[in-house]
1. Which pairs have Cβ atoms under 7 Å, sit 6 or more apart or on different chains, and link a residue in segment 21-47 that is in contact (Cβ under 8 Å) with a residue 24 or more places away in the chain to one that is aliphatic (A, V, I, L, M) and loosely packed, with under 14 Cβ neighbours inside 10 Å?
2. Is it true that P93 is loosely packed, with under 15 Cβ neighbours inside 10 Å and of a type outside the set (F, W, Y)?
3. May I ask you to list pairs of residues, at least six apart or on different chains, whose Cβ atoms are under 6 Å apart, with the first in segment 134-145 being more than 11 Å from L46 (Cα to Cα) and surrounded by fewer than 22 Cβ atoms within 10 Å (Cβ to Cβ) and the second being basic (K, R) and modelled with pLDDT of 95 or more?
4. Give the residue that is surrounded by the fewest Cβ atoms within 10 Å (Cβ to Cβ), with candidates limited to residues of segment 100-124 that are touching a residue at least 12 places away in the same chain (Cβ under 8 Å) and assigned to a loop (DSSP other than H, G, I, E, B).
5. Please tell me if A83 is surrounded by 12 or more Cβ atoms within 10 Å (Cβ to Cβ), assigned to a helix (DSSP H, G or I), out of contact with any helix residue (DSSP H, G or I) (no Cβ under 9 Å at 6 or more places or on another chain) and not polar (S, T, N, Q).
6. For segment 128-152, which positions are assigned to a loop (DSSP other than H, G, I, E, B), farther than 23 Å from E60 by Cα and either among the basic types (K, R) or touching a Lys or Arg at 6+ places or on another chain (Cβ under 9 Å) (or both)?
7. I'd like to know if segment 48-65 contains one or more residues that are crowded, with 20+ Cβ neighbours inside 10 Å, touching a residue at least 40 places away in the same chain (Cβ under 8 Å) and in contact with a Cys (Cβ under 8 Å, 6 or more places away or on another chain).
8. Looking at segment 8-15, is at least one residue farther than 20 Å from E128 by Cβ and of a type in the set (A, V, I, L, M, F, W, C)?
Amino acid sequence: MGLILIRHTTPAVKTGVCYGRADLDVAASFESEADALFEKLPYAELIVSSPLQRCLKLAERLSAALSLSTTVDPRIAEMDFGAWEELPWSEIPREELDAWAKDFMHARPHGGESVAMLRARTLDALAELRAARQPTLIVTHAGVIKAALSTGDSADHFRTEIGFGEFVVLPPHEEDQS
């Protein structure tokens, strides 16, 4: 069954700031972004959301419009950037960024999560949702979507671009098509 991964709408944060688990509100453009998204979404029977308010607000809006229930799953929250949260990227020490680049999957110079940790919990959540065999809207974050679509362990494998309020449909596993 189809899993539709939706990136939340634009958050209320300055450009160039590192944020992951920071519980940011939505920007003033929320209503128009949500309306534009609603017009193009595929059929679904369930909504699952990250617990962060920038996702929950969109999930609640979709839930009301589609008369669907929403479940919160912390496994689809954004990566925890630890000490880097809400810092401008330009203020993060170069040696910490270099350490992360050197061991992209496992380094944690910020004290938060590694990319490998993010991917493991993401894939665990998605496997469980696939097993339910329901078309599901998953309101989440760019990092989770990149982890879901990654095909390897280098930064190049995580370069998926997805804008605010956009979505991707995960192809079903072969066993799901029988």
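1. L24/A12; D25/A12; V26/A12; F38/A65; P42/V169
2. yes
3. Every condition considered, the pairs that remain are A142/R7.
4. Among those residues, the one meeting the criterion is G111.
5. Judged against the criteria, A83 is not a match.
6. S150
7. yes
8. Within segment 8-15 (the criterion being farther than 20 Å from E128 by Cβ and of a type in the set (A, V, I, L, M, F, W, C)), the answer is yes, since at least one residue qualifies.
The values are calculated or read from the model by the stated rules, or taken from the named source; none is laboratory data. Since the structure is predicted, the reported quantities are computational estimates derived from the model, not experimental observations. No Cβ is skipped: glycine too gets one built from the backbone with ideal geometry, and neighbour counts run over all protein chains shown.
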